[in-house]
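Asker: One structure follows; several queries about it will come next.
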Amino acid sequence: MLTQWSPYLASLTGQQPIVMSKSHRFMQFHYPLPYGAIVNDAGVQFAVYSHSAAAMRVLLYRRVTDREPYRVVEFNPATDRWGDIWSVFIPGLKVGQLYHFQADGPYAPEEGHRFDSRSRLIDPYARALAGPFQPSADGLIRPPKCVVVDDSFDWQGDRHLRRPMSESVIYEMHVRGFSQSTSSETRHPGTYLGVIDKIPYLKSLGITAVELMPIHEFPLEDPYGNKPERGNYWGYDSLAFFSPHRGYMVGSKPGDQVRQFKEMVRALHAAGIEVILDVVFNHTAEGNQDGPTLSFKGLENKVYYMNNADGTYKNYSGCGNTINGNHPICREMIFHCLRYWVYNYHIDGFRFDLASILSRDRNGELMPNPPLVEVIAEDPMLADTKIIAEAWDAAGAFQVGSFADTRWAEWNGHYRDDVRRYWRGDQGLTGAMATRLSGSSDLYEPSGRRPYHSINFVTSHDGYPLIDLATYEQKHNQANGEDNRDGDNNNFSSNYGVEGPTRSKQILTLRHRQAKNMMATLLLSHGTPMLLSGDEVLRTQRGNNNAYCQDNATSWFDWKLLQHNAEMLRFTKALIAFRLAQPNVRRATFLTGTLLGDGELPDVSWYSPDGTQMDWDQPTQSLICVFGTAGIHDPAVRPVMLLMHAGQGSQAYVVPQCVRVLPWRQFIDTAADTPQDVYPRVDGPALPQDGHLELEERSLMCYVA
């Protein structure tokens, strides 16, 4: 093992930055960094930040079940403190060692201090946690124990896939929910290894990246070891940012989640699938002033959180506290964390939950050039990763289109709402629909960004799945135990005559058609599409639009739907395959409508149903969109024509003569029964010679030349 690294290199690699005596029997001297617990041949070095602590201790445990440490090691302020970094080397410790920190200091909430000398504290840089919260008669909280981890792993030559964003199709999924159902028939349901079992399905679907809902450690029980009234299924409640969630591993060996998570990433990469993590750097599980002291509160509360003058917490996350992301210490921790996941876990990208909080200064005010946002964009180790913002927060900030610079992509909330409203039949949405189809230039072109910076989505974990948008007009969250007060009231959905399940064939046909309309729109729009896991087989949550606590069939992927809704699965697979094969629906630059050569169609042109140039001032729910090949010099790239009708009743269309001269073949007709709804080889019926078509109510046709 190498025994000398610079602190900077050590922070990248996780290697132990020490210089050993020749006898290797004791520590001669050491660098105080990197943070956390770093193992080497002779023992473990522990390093933690605290400016205000008067004393620091490491509590060592032999077993996960131990309530008390077998050894307590005091940091010597004279020899084990370097500025505000407390760092001590303990010889003889090995991989798997369990520990907590403990800090003495002032308890003065009005000054931002919340030290408690009794509290056992999770290391902010812990590489893994083990065990549950342990109940205590004396009220002392015993959180999960930190684990000393060896980061070595045989990656078998694996590296990041580096797929361009413009060639990506993202699939948002929950690690547990994806394989937990008995219908999954996996060997290890609900785990990282269960995901491996289902990789053949992901590959057959054609997606290029999975976006995993939070896999950082989060609590499975309350701080006293009790099952909470409403469980934490989604995982947006972080305990330790450097630790893979132990609840998704097979077995209970402390630290084994590290190996299993890496095996999952390696297997996904081998299948050509990138891994994007949904990260929650906006709040933690410690909650507000009434919440438990588990980690940050007991080490340097006024640095890690935004505090009010009265000792309460600023709450821009809606979860009780807000991480002080633009304080230098927090900023350093976050970019160390991102580097760690990129280097040690080969992660390909990150989606930042409530990312507008990253734009707030220490007082909570939005800044024009936030240091943290800039650091993430410019960090050299993150240069090949995908950086995606959920560009809003719970305090009213909504920065879609204006979040940051050209490194940042964004969840496009405008796309979601405009597509939903257009297909619902709302008036005045045709122009907005055209803008979303062509890459949302109104949002991203002014800042120099590209169409692929728009993460297009119609559904996500937060809200209805796709079929529920056409099944429910009102949320039905009673099972959450909050009297249906939780969840968004504005879903832009419709039930088409009956709320919830129905036996009406007419209504069911329309609902399935609407699901196909929105799926086709998503996968034929310029930008980067993101599908919600299960939408491809019409998974329902029975009207629950906030299933954060539903660790049950409401949220789990039902694998029987692959047969029950095989028509929708076939439809989705064909769309994904077409998108990846045809750059003409995923251009990397914005469309101009300019004709660049004879015999070509402009890169985009718009027509009314009567075949005339589109008059955007006229009220209509119908349009013709033609993506031409101007500017593309690849004979395999083909023009694409979309005919969209969101109104009730059928609509006659006339394809303009200038478009009709090309030999068009049908690809999609969402109003047709399977298998005529999609022709995966684009060998459907030819466009009628007279260019006349009739679209049924709320339907979409796609022709390819």
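Bear in mind that the values in this text are calculations on the coordinates, not laboratory data. Remember, predicted model here, so these are calculated numbers, not experimental data. We place every Cβ from the backbone using ideal geometry, glycine too, and count neighbours over all the protein chains shown.
Asker: Mind pulling the angle between the C-alpha long axis of helix 328-345 and the longest principal axis of the chain? Nearest 10 degrees, somewhere in 0 to 90.
Answerer: 70
Asker: For a paramagnetic label modelled at 7 Å from the Cα of TRP616 toward its Cβ, which residues of segment 572-592 fall within the zone defined by backbone nitrogen distances under 17 Å?
Answerer: 590-592
Asker: So how much slack lies between THR79 and LEU140, counting 0.36 nm per residue of separation and subtracting their Cα-Cα distance, in nm?
Answerer: Taking 0.36 nm per residue and subtracting the Cα distance, the gain is 18.9 nm.
Asker: Relative to the longest principal axis of the C-alpha atoms of the chain, give the angle of the C-alpha long axis of helix 413-424, reported between 0 and 90° and rounded to the nearest 10°.
Answerer: 40
Asker: Now a separate question. Rounded to the nearest 10 degrees, what's the angle between the helix 566-581 long axis and the longest principal axis of the chain, both from Cα atoms, 0 to 90?
Answerer: The helix 566-581 is inclined about 90 degrees to the chain.
Asker: Quick one: Cα centre-to-centre distance for segment 142-195 and segment 266-282, in angstrom?
Answerer: Measuring centre to centre over Cα atoms gives 7 Å.
Asker: Principal axes first, then extents: for the Cα atoms of segment 288-342, list largest minus smallest coordinate on each axis, whole Å, largest first.
Answerer: Per principal axis, max minus min of the Cα coordinates gives 37, 20, 20 Å.
Asker: I want to check the label-to-label distance for ALA581 and ASP488. Put each point 7 Å from Cα in the C-beta direction and report it in nm to one decimal.
Answerer: Once both label points are built, they end up 3.4 nm from each other.
Asker: So between GLN563 and ASP673, what do we pick up on full extension, going 0.36 nm a residue minus the alpha carbon distance?
Answerer: Full extension from GLN563 to ASP673 adds 37.9 nm.
Asker: Shifting gears a bit: If Lys and Arg each add +1 and Asp and Glu each add -1, what is the summed charge of the other residues whose beta carbon sits under 10 Å from the beta carbon of ASP677?
Answerer: With Lys, Arg at +1 and Asp, Glu at -1, the net is 0.
Asker: Residue separation times 0.36 nm, minus the C-alpha to C-alpha distance between ASP384 and GLN427: what's the value?
Answerer: Going from the current span to full extension adds 11.3 nm.
Asker: May I pose another question? Report the GluC sites (Glu not before Pro) located in segment 329-426 that are in a DSSP loop and have at most 14 other Cβ atoms inside 10 Å of their Cβ, or state none.
Answerer: Taking segment 329-426 and a limit of 14 other Cβ atoms within 10 Å, the loop GluC sites (Glu not before Pro) found are GLU365.
Asker: Going through segment 43-121, which trypsin sites (Lys or Arg not before Pro) have at most 14 other Cβ atoms within 10 Å and a DSSP loop state?
Answerer: Here the sparse-neighbourhood loop sites are ARG62, ARG63, ARG67, LYS94, ARG118.
Asker: Treating the beta-carbon of each Lys and Arg as +1 and of each Asp and Glu as -1, no other charges, what is the dipole magnitude of the chain about its Cα centre, to the nearest 20 debye?
Answerer: 1860
Asker: What number, in percent, do you get for the relative contact order of the chain if the mean sequence gap of Cα pairs under 8 Å and at least 6 apart is divided by its residue count?
Answerer: With pairs under 8 Å counted, the relative contact order is 10 percent.
Asker: Compute the separation of the alpha-carbon centres of segment 321-350 and segment 27-104 and state it in Å as a whole number.
Answerer: 22
Asker: Count neighbours as other Cβ atoms within 10 Å of each site's Cβ, and list the trypsin sites (Lys or Arg not before Pro) in segment 394-492 that are DSSP loop with at most 13 such neighbours.
Answerer: When the trypsin sites (Lys or Arg not before Pro) of segment 394-492 are filtered for loop state and at most 13 Cβ neighbours within 10 Å, ARG485 remain.
Asker: Now, a different point. Distance in nm between label sites at LYS94 and GLU499, each 7 Å beyond Cα in the beta-carbon direction?
Answerer: Label-label distance for LYS94 and GLU499, simple model: 6.3 nm.
Asker: Hey, with R₀ at 35 Å, roughly what FRET efficiency would ASP154 and THR406 work out to, going by the Cβ-Cβ distance, to 0.05?
Answerer: For ASP154 and THR406, the calculated efficiency is 0.45.
Asker: Tally Lys and Arg at +1 and Asp and Glu at -1 over the other residues with C-beta under 10 Å from the C-beta of MET306: what net charge comes out?
Answerer: Taking every Cβ under 10 Å from that of MET306, the sum is +3.
Asker: Next up: Suppose each label sits 7 Å from its Cα in the direction of the beta carbon; what would the ARG230-ALA652 distance come out to in nanometres?
Answerer: Label at ARG230, label at ALA652, 5.4 nm between them.
Asker: Once you list every other residue whose beta carbon is under 12 Å from the beta carbon of ASP384, what net charge do they have if Lys and Arg are +1 and Asp and Glu are -1?
Answerer: +2
Asker: Peptides 553-563, 237-247: what's the order by average Cβ count within 10 Å, highest mean first?
Answerer: The most tightly packed comes first, giving 237-247, 553-563.
Asker: So, one more: Using alpha-carbon pairs under 8 Å, 6+ residues apart, how would you state the relative contact order of segment 322-371 in percent?
Answerer: Computed over segment 322-371, the figure is 43 percent.
Asker: To the nearest 0.05, what FRET efficiency results for SER447 and ALA270 with a Förster distance of 25 Å applied to their C-beta separation?
Answerer: 0.10
Asker: What Kirkwood radius, in Å to one decimal, follows from the Cα pairs of segment 649-689?
Answerer: Kirkwood hydrodynamic radius for segment 649-689: 11.5 Å.
Asker: Hey, could you grab the Kirkwood Rh for the chain? Inverse mean 1/r over distinct alpha carbon pairs, Å, one decimal.
Answerer: Evaluated over the chain, this radius sits at 27.0 Å.
Asker: Further question: Could you list, in their original order, any pairs among LYS94/LYS262; LYS198/LYS314; LYS227/LYS573; LYS505/LYS560; LYS253/LYS573; LYS203/LYS386 whose Cα atoms are separated by more than 32 Å?
Answerer: In this structure, LYS198/LYS314; LYS227/LYS573; LYS253/LYS573 lie more than 32 Å apart at Cα.
Asker: Mind giving me the FRET efficiency for ARG162 and GLU332? R0 is 25 Å, r the Cβ-Cβ distance, nearest 0.05 is fine.
Answerer: 0.40
Asker: While we're looking at this one, here's another question. Find the centroid of the Cα atoms in segment 293-316 and in segment 570-630, then give the distance between the two in whole Å.
Answerer: 51
Asker: For the chain, what is the calculated [θ] at 222 nm in deg cm²/dmol (nearest 500), taking -39500 (n - 2.57) for each run of four or more DSSP H residues and dividing by its residue count?
Answerer: Estimated from H runs of four or more residues: -6000 deg cm²/dmol.
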